[in-house]
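Just below is one structure, and these are the notes that go with it.
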Amino acid sequence: MSRIEINGVTKKYGKTTALKNVNLVFEANKIHGLLGRNGAGKTTLLNLITNKIFPTEGEITVCGESAIENDKVLNTMFYMMEQNIFPKSTKVIEAFRWTSEIYKSFDMDYAKELSARFELNTSKKIKQLSTGYKSIFKAIATLASNAEIMLFDEPVLGLDAYHRDMFYAELIDNYSKNQKTIIVSTHLIEEVSNILEEVIIIKKGRIIKQESVENLLLSSYTIAGENSKVDEYLKDREYVGVNGIGEFKKAIVLEKNINKDINLANKLDLKFGKTELQKLFISLTES
Amino acid sequence: MESVWVITKRIASMNKFTFIIYYAFVLLLGAFLPIGVVSAGGEGTVATISGGELFTGFFIMAIALTSFTQSFEYTQFLNISRKKFFIANFVAVLITSLTLVVIESTIAYLMMKIEAVEYTSIFTSFYGEGSFISRKVWLFSYFVTASVLGSLIGILYYRANQLFRILIWCSPIIAIFASVRLAIYFRVDASWILAKLFGSYGFQSGNSNVAVLTGAIVTTTCLALAYLAIRKITIKSGE
């Protein structure tokens, strides 16, 4: 079972605390979205899971075992890093070959097929690729690795809209054919919201929300109307974001047990609406 | 173990083109030097060539130093543990050193076949003729020590911050200066230090086994330090 458990993990860089007492479980065989603003600690968390760095405190287990210097566990994961660390004078096809030597379930035919579809020239050297194609190369290597756990850090960096769309479609297709644990770290929430099952929102090194996308969106709604009337409705309710234009305002109400007061809203002439994940994210991560 | 071997092969093959260029240059030099000497000095003139292996030792040390980043980051991309990388890197050093011993011996053999060249190996200069085995073991030990020392410096340099990197660059000068100051302070005779140093490499006794033993001690110490430094090393570069 490719379950990842994070217990009381803190990561400090000198006097800066990148992650503080993080407790988190990534359930197996789901697509998790790790969302956070720049510098929130998303990459630090992925680096810790894959043992690229070491925690200052706490413990991380993958499939029930510590990942620290554990080749058996490390080989169950493939991490598409934001950085480009593959030898740059290596050709793309060679890099795929090297990867297939370590990841026994690597599907070379699939890698070649994806390369053709994404128009990635496999005889080119990695250093000759543009930023977008470097991302495509890493994404293909990750997808073709067939690892039990796939971690994507900003996977669509430098990709145009067409390729971004292709990537998300391929990710879903890959997942539906062979279920695995996928973690996608991004700040492009609108694009990724349709493919996520679970969402983890991280803010200044702390996990502020972990819930299924469905529950999160079901437990929130927007209420809009005149300022004073919205304020009246929001009295004694939990809300996370208020945007106002002139005399009107719109707020996102977030309640564990949804408790819409339709009568009061009608009386105050307020309108209910659905929440978008991106808007909710912005409201939750506002300073 | 299978993956250690795979990584070893990859690490060892990463610098093959650098070695090809180096030996192409050596062979060109070996071919043109006698021609140049003979054409300048006339028939019967002999060119003396010596110290090739010594230079190869410095070269392999520089390669080990500069290639650490590439080989380490390649293994990190593929989620390979530091411990496995450390073992594979050392096995790659052994394989590369062994290959270089074969290449150097072949070059030495070819040089000795050329009439216009008087070839003297470093081993012969320090220890006399010696046996075939002792010559090869000494050369292998020299290449391994040079590589491991280069790897250690590469690891320390990779881990270091900017200030420490400057210190690493300046360390040979600092070490010489500190040694001289300490020798003066403790009133130690410089010739005594040199005698001990030469003694540890068997120059005085003409015993190459002493040098091999010293090499093994230096290699083991460097490996131990490298292991300590690599245990918690993290990726520094990348784009």
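What follows draws every value from the coordinates through simple rules; no lab data is involved. Treat the numbers as computed from the prediction; the structure is a model and nothing was measured. Glycine also receives a Cβ, built like all others from the backbone with ideal geometry; neighbour counts cover every protein chain displayed.
Observations, loosely collected:
- Among B:194, B:139, the order by Cβ neighbours within 10 angstrom, fewest to most, reads B:194, B:139.
- Over 24 Å (Cα to Cα) - which of A:91/B:9; A:88/A:180; A:72/A:204 fall in this group: A:88/A:180; A:72/A:204
- The simple spin-label model puts a point 7 Å past each Cα toward its Cβ; for residue A:172 and residue B:46 those points are separated by 8.2 nm.
- Hits among lysines - C-alpha to C-alpha of residue A:271 under 19 Å, sequence gap 8 or more where chains match: A:229, A:235, A:249, A:250, A:260, A:279
- With the cut-off at under 17 Å, measuring from each backbone N in the range B:62-88 to a point 7 Å along the Cα-to-Cβ line of residue B:29 picks out B:62-63.
- Cα shape, the range B:125-239, gyration tensor, a/c 1.5 rule: oblate
- Span per principal axis, largest first, for the Cα atoms of chain A (Å): 68, 42, 35
- Set of aspartates and glutamates with alpha-carbon distance to residue A:20 below 17 Å, sequence-local pairs under 8 removed: A:5, A:57, A:59
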